[in-house]
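Okay, so here's the structure we're looking at.
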Amino acid sequence: MLQSPPAAPGMGIEEIDTPALLVDLDALEFNLDAMTGFLHKAGVRLRAHAKTHKSPVIAHLQIARGAVGQCVQKVAEAEALAWAGVRDILVTNEVLCPVKLARLAALSTITQIAVCADSVAGVDAVAKAARNADAQMTVLVEINVGADRCGVSPGAEAVNLARAIAAHPHLQFGGLQAYHGAAQHLRSPKEREAASLASARAASLTVQQLTAAGLSCAIVSGGGTGTFAYDATSGVFNEIQAGSYCLMDGDYAANRIDPADGSPRFRQALFVLTSVISSPRTGTAVVDAGHKAIAIDSGLPLVWNRPDLRYVGASDEHGKIAFAPTAPSPGLGERLWLTPGHCDPTVDRFDWYVVIKHERVHGLWPVAARGGMS
């Protein structure tokens, strides 16, 4: 069931129904400008990852600032963006299901679609869907650059797969997907830099061997919010797939930053607004944002600008707030802003962004790609 809009433009914060997903528009626009400004100076393209925001509105804001397009992980996410007019989409994932591939091939008739492969069987499946739709589809070879998830080995194995793509008349070899997800969350700058350099070396080796085999590698795509400063200056990556930078969360905020790398410091733009619904005992308050309102896979949320309060536990519909027994209790009905530990799955719990500017509701944006598991 579609969630009812929790607010209307012009409302004050105290009038918003809770729990609600808030976006601070000033912080969001600062983040969008900061990333595109940095990458423009580095001469590298931004292909922002929509699995974070799941919003055609935010996608178009990114594209208006110079992003070449969007990344997604799921076909349903690609559909939501394509139907909303996004004209360049990369599915940064392997798709094998014939039904899903038929949907992708159909999308390729209205927008530019690329997908990843890490097996000959995967290439053949994409080729069959493209042939059935009488369409041309672009396929990137995904290489394993350290995440040890999907991807063939860099070098010869990747070259052989690229040859298989190029051999199909309905397919075009587009380049390399070289994303190292685990590197994004290494805490120290030196660890993230080392992981980025290792990824770049693996990608560079593969590009050299592709060139020697007579295969042009137009795209080397990867990187993210944790490593973009190193990826962008590697001389290897020409597209950066940062996603979380636009909204931010507690996990990314925990990364230590090297002030010497010249990269921007992003602002927290995403919050879950919650209300105190009970204050049953000294030192404890209960809010209406639990598991169904906020993701805790990357840690419990923080209470924004309230160091006296700690979110200490969640159940389905409730969150428990702890504070010193000698401190005043939050009042019943009081609104608290929670910073999620992980932005992507938190966004996926809501149908609407409540966009805030100057402490009032500026607008409502649909989370159009929410729940896109297919």
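Descriptive notes on the structure:
- Ranked by how many other Cβ atoms sit within 10 Å of their own Cβ, fewest first, the residues 248, 137, 11 fall in the order 11, 248, 137.
- Taking 7 Å steps out from each Cα toward its Cβ at residue 172 and residue 160 produces label points 2.7 nm apart.
- Rounded to the nearest 20 debye, the dipole magnitude of the stretch 25-249 is 140 debye, with +1 charges on Lys and Arg beta carbons, -1 on Asp and Glu beta carbons, and the Cα centre as origin.
- Reach of residue 41 by Cα under 16 Å, taken over aspartates and glutamates that are not fewer than 8 positions away in the same chain: 33, 231, 239, 261
- For 291, 170, 180, 342, the sequence from fewest to most other C-beta atoms within 10 Å is 291, 170, 342, 180.
- 0 to 90° range, to nearest 10: angle between helix 25-42 axis and the chain longest Cα axis: 30
- With the charge dipole of the chain set up from +1 on Lys and Arg Cβ and -1 on Asp and Glu Cβ about the Cα centre, the Cα lying farthest toward the positive end among the listed residues 203, 113, 309 is that of 203.
- Degrees between helix 120-132 axis and first principal axis of the chain (Cα, 0 to 90, nearest 10): 90
- Evaluated at q = 0.16, 0.19 Å⁻¹, the base-10 log of the normalised Debye intensity for the stretch 243-374, with identical point scatterers placed on the Cα atoms, takes the values -0.87, -1.14.
- Answer label, with Cα extents along the principal axes in Å calculated from the coordinates and candidates [x] 70, 52, 35; [y] 72, 45, 33; [z] 56, 45, 44: [y]
- Amide H contacts under 5 Å for residue 71, placed H, 5+ residues apart: 48, 49, 50, 90
- Since only 194, 53, 150 are under comparison, the one whose Cα sits farthest along the positive direction of the charge dipole of the stretch 25-249, derived from C-beta charges on Lys, Arg, Asp and Glu, is 150.
- Sorted by Cβ neighbour density within 10 Å, fewest at the top, the residues 292, 128, 74: 292, 128, 74
- On Cα atoms only, tilt of 189-212 relative to the major axis of the chain in degrees: 20
- If only the Cβ of Lys and Arg carry +1 and only the Cβ of Asp and Glu carry -1, the dipole of the stretch 46-147 around its Cα centre is close to 260 debye.
FYI, it's all coordinate maths here, none of it is from the lab. As the structure is a computational prediction, the values presented were derived from the model and not from experiment. Methodologically, a virtual Cβ is constructed for each residue, glycine included, from the backbone with ideal geometry; neighbour enumeration extends over all protein chains shown.
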